[in-house]
Every structure is written in structure tokens, then in C-alpha cells.
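Peer 1: Structure provided below as C-alpha cells; questions to follow.
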Amino acid sequence: MHGLYLFQGENKVIKFENVSKTYPGGVQALKNVELEIEQGEFVAIIGLSGAGKSTLIRAINKMHGITEGTLTVNGLVVNDLKGKSLRKFRRNIGMVFQSFNLVSRTTVIKNVLASRVPDMPLWKSLLGLYSKTDKIKALESLDQVGILDKAYVRADKLSGGQMQRVAVARTLAQDPKIILADEPVASLDPVTARQVMGDFRRINKDFNMTIIINIHHVDLALDYADRVIGIKAGEIVYDGPASGVTRNTLNEIYGGSTEYEREIGEA
Amino acid sequence: MSFFKNLFAQKEITLSNGKVVKQPRSIVPIVLIILGFFVYISVEITGFDMQVLIRRQRFFFDILKAMFPPRWDFASDVWQPLFDTIKMSLLGSIIGAVAAVPFAVLASQNVNQNSILRNIIRVVFSILRTLPTLIIALIATYIFGIGTFAGTLAITIFTFAIITKMLFEQIETVEMGPFEAMESLGATKTQAFIAAIIPQLLPTYLAFCLYCFEINVRYAAILGYVGAGGIGLLLDEKLAWREYSRAGMVLFMLFVTVVIIESMSRYFRKRLT
């Protein structure tokens, strides 16, 4: 599978053309990014904190806007989207967060059902009147990440790994074509982190889902993703198969800092 | 002066390897001195006299003794004003608590980005909160006449003001993560609020309402003193006529009612949070 994307010209679902992002304070988070991602790819983005990983991933569903260049996702120019068209566009993109972003005071299934809220009338969501098809869809999503038995448990009773799986199930219930994951395993222990990464890989293979993941753990990125993108100070310094990442590549991405050496040493 | 010097001295801890860690100065001694000073001043100003309290305490017990035993047969006259009091506080609590919701949303910084509107609402509500319920009730009796309507209005305004404040502070401490998640999957701000914020707030909001109702029953009991209806009117009357055994019956029934309502409220509040 590795490197397959290099030979396929068509089916680019995400296309960055000379994209830059400058924050109001003058900080340049992205510099002339050129990037193409195909349907069904599993991409890991690595780099130091503040290198622009989060900005890159959040640009894709316009949680953060870009200031220059053209970004095309699913055939739509993201720059132009706003209001209703933006929300409709986001329905096809799932997002998973470092801090899970679940409503802890309610049940697991209600958290998953929240992804149906944009498609139903306000009064129904206010009263929690979800249709049977929605409930079945939510339960099936929970089953796909292996926590069907927790459906009616309150979210704050779960462990961190289980919470992140609920978040993944919420995204699956949305039927997305792309899943963006912003540091999804950063607050999990190493064993749980591997399980959640395994979930992502399975979803990637089973549904031909495009998955883009920001990750600090280089070893996890290399073990689970097909393609690795290295970012340094807002610029892409490596883009290639996970198998092609060498010590020199990491030196370039992490600027020769010693921090990653330990991490690699463990891997 | 060495006493003060020691009091405010900066403590240093020396580690075995010779490194010195400076402990920040504690402000507790200063706070205690200021507190003592204010207690002294307030005793001077109010003319508080411990001796008077000791000398005349028996009169307090005289009245209490006169209330026992209460006139049990007087209960039939107490029911009506007692129910009026409960009705006043229940109705006032419900109207006030419901009316508070939109204003609390508008007063919270993380939801309402319009700082001018936000601050106007906050200022109005802090003014509203400084008005004691008794004064509001008094003004209401001038406008709407003597009776339970004035009392209900006073309780509504009190509940409205206090719940708005408690609720907007709660909204501001809410986790915005789930809200972000809802926006990321294509929800409007309203939809995100319903799905991500309301479930976080609802138990606390209901607990606030119950707590407010608890307070209101006690408040409503004294509103009768300014003619705003309810049991206070009866109590005032019986005390003024020195019918202490009847006043005792009024107090006894009020006490039982408050205890029942408070324990019910506490039970439900525990289940909510």
C-alpha cells in the first residue's frame, strides 16, 4: 500500500494550493503549503508543538480560516464556504479532538446522537426525540469501536480510551468521508493509545475512509499511518510513505532537538 | 519592631545540596490585622453591648415560653395564609426562573460576544439584586395594592435576579469543547447550544431553582409584614396583639412546612448533581 498515492493522479479529495495562514498577531502558521490527499489515505502529520499541525488540520474543515492560497476539499473551494454551505460541507467531515469534547453529564448514546442534531428540527433535539433509525445508527457506530455495552452509561463514568472511542463513534454516526483527528491519543496511556490508533486503521481500511491525524508520538505515526507529513515552522519538510522516514528526516522535522531521540529510542 | 519584622520575614528553605528556595510571603497576618480592626470599628459604631445581651436575655425566653403550648385549634385559621405563602413562592420561583434563562444567556461572555449589551444586562441585574425583596414587596403593594400579588411579584423579581446571576456564571464555566465538536460537524450555534451546553447546565439550573424556592418560602413568610399577603400578615397581627400562643402555632406550622420543603429540595438537588 505504501506509496500508492504517488502513482494515482485522480481522486484527490483534499488539495492545498500555495496555502498560507497568518494570524492577526502576525504569526505565520502555514507557509506556501502544497499538498494533495486522496480518498482512503491514512496520513499522520508530525512536528513540534506550534509548527502548524493544528492549523493545517483545522483549515480543512475551516475551523480555522486560511489567509492565502486555495484549499479544495471534496471538490469545493473551502475559502468561499460560509454559513449554510459551510455547515453542509462540514457534515461530511468528522473531527476527533485531544480532549474528546464529550458532554460528560449525559449518556454515551446521547453524545453519539448529537451528530444527528444538525439534520433534525430544533424542538426535537431540545426534547431529545431521536428517531429509531438514528438510534440504530448510533448503536452501530458504538459497536464499530467496540463499546456497545457502554451505550447507556454516563460519559463521565468512562476511561479516557473509552471516551475517545465515543468521540470516534460520534464521528462515524455522521457518515463522513474524511476524519480529521487533532492529537487524538495525546491524553491517553501508551496501551490505550495503540488501541485507538488501531480503531482508526480499521476504520480507514473498512470504509476506505480518509484519515488525517496530528500526532506527537512518532512511533505510533510510523506504525499505523501509510503516509507521513512532517511540518516545521509552517512548512512541509517531509511528505512520503511512513516507511521512508529515517533518522535524518526526523532530524529535519524536529530541528535536531534531542526530545524525539528518546521517543524513537523507545520505539 | 522585631516582632513585625519576624511576622513579615521571608522564609528561606535550604536544601541539602545548598540550593535556597524562597517562600513567598503569606498575607494571612495582614488579613487578620485588618479583620480585627474592622470588628473593633463595627462594635464601636453599632454600640454593641454584651452586658445588655446578658441582662435582658430572659425577656427573649419569656416570649418563647408564652408561645408554649401553641393553640392547636388555631391551625384552621393558619392553613389559608400558609398555602398563600407557598403559592406565592412557588409561582414567583417558576416565573422568575424561566424568565432568567434568556437573560443569563445574554449576560455570559462565552455565548454573547456583544460586550455592550452584556454589560448593560449585568449592571441592570446588579442593581436589581441590591434591592431587598422586602423593599420590592413594599413598592409593589403601593402600585398593585395589598395582597399576595405584590408578594408574588417581589419573589419573581428576586428569583429572576438571583438565577440570572447564578446561571450566567455557570454558563461561563461550561466546557466549550463539546460546542466546538458540534460546530465541527456542521451544527448551527443554536443547535450546538442545545446539544452541547444545555445538557451541561440543566441539572445545575434545576438545583438552583429548587434552592431558590427553598429561600423564597422563608422570604415569603415575612413579606406579610409589609402587607404583601401570606402568613407574615397573620404572624405580625398575633405578635402585635400579644397572642403569643397563637403566634406560636403560626411559627410551628411554618417551621414544619419549611423543614418539609427543604428536605424535599435537598433530596432532589442531591439526585441532580
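Peer 1: Determine how large the accessible area of B:Val259 is when every protein chain is in place; take a 1.4 Å probe and give Å² rounded to the nearest 10.
Peer 2: About 70 Å², ignoring ligands and nucleic acids.
Peer 1: Report the antiparallel proportion of the DSSP beta bridges in the protein assembly as shown as a percent, rounded to a multiple of 5.
Peer 2: Bridges in the protein assembly as shown are about 60 percent antiparallel.
Peer 1: For chain A, set up a Gaussian network in which alpha carbons nearer than 10 Å are linked by springs, and say which option among A:Asp223, A:Asp182, A:Asp206 fluctuates the most.
Peer 2: Result: A:Asp206 has the largest fluctuation of those listed.
Peer 1: Rounded to a whole number, what is D in µm²/s for the protein assembly as shown from Stokes-Einstein with the Kirkwood radius over alpha-carbon pairs (25 °C, 0.890 mPa s)?
Peer 2: In µm²/s, the coefficient is 85.
Peer 1: With each run of n ≥ 4 DSSP H residues scored as -39500 (n - 2.57), what mean residue ellipticity at 222 nm is computed for the protein assembly as shown after dividing by its residue count and rounding to the nearest 500 deg cm²/dmol?
Peer 2: Result for the protein assembly as shown: -17500 deg cm²/dmol, rounded to the nearest 500.
Peer 1: Same structure, new question: What ranking of B:Val105, B:Val111 comes out by heavy-atom accessible area, probe 1.4 Å, highest first?
Peer 2: Result, largest first: B:Val111, B:Val105.
Peer 1: Which value, in debye to the nearest 20, describes the size of the charge dipole of chain A about its Cα centre when Lys and Arg Cβ atoms bear +1, Asp and Glu Cβ atoms bear -1, and nothing else is charged?
Peer 2: 1420
Peer 1: Find how many whole Å separate the alpha carbon centroid of the range B:105-148 from the alpha carbon centroid of the range A:61-109.
Peer 2: 39
Peer 1: Scanning chain B for trypsin sites (Lys or Arg not before Pro) in DSSP loops with at most 13 other Cβ atoms within 10 Å, what's the longest stretch left with none?
Peer 2: With trypsin sites (Lys or Arg not before Pro) excluded where exposed in loops, chain B gives B:57-241 as its longest stretch.
Peer 1: Here's something else I'd like to know. Rounded to the nearest 10 Å², what accessible area does B:Asp73 have for a 1.4 Å probe in the complete protein model?
Peer 2: Its accessible surface works out to 100 Å², give or take rounding.
Peer 1: How do B:Tyr219, B:Tyr40 rank by accessible surface area computed with a 1.4 Å probe, from largest to smallest?
Peer 2: My answer, sorted largest first, is B:Tyr40, B:Tyr219.
Peer 1: With the other protein chains left in place, how much accessible area per residue, in square angstrom, belongs to chain A at a 1.4 angstrom probe?
Peer 2: 44
Peer 1: Run down the aspartates and glutamates and flag those whose C-alpha is under 20 Å from the C-alpha of A:Lys15, throwing out any fewer than 8 positions away in its chain.
Peer 2: A:Glu34, A:Glu36, A:Glu38, A:Glu41, A:Glu68, A:Asp80, A:Asp182, A:Asp226, A:Glu235, A:Asp239
Peer 1: Further, regarding this structure: For the range B:70-272, what is the convex hull (Cα atoms) projected area averaged across all directions, in square nanometres?
Peer 2: 12.7
Peer 1: With every protein chain left in place and a probe of 1.4 Å, what is the accessible surface of B:Thr130, to the nearest 10 Å²?
Peer 2: Ignoring ligands and nucleic acids, B:Thr130 comes out at about 110 Å².
The values are calculated or read from the model by the stated rules, or taken from the named source; none is laboratory data. None of the values given here were measured: they were computed from a predicted structure. Positions of Cβ are generated from backbone atoms using ideal geometry, with glycine treated the same way; all protein chains shown enter the neighbour counts. The accessibility values were calculated without ligands, DNA or RNA, using every heavy atom of the protein model including side chains. Shrake-Rupley method; radii C 1.70, N 1.55, O 1.52, S 1.80 Å.
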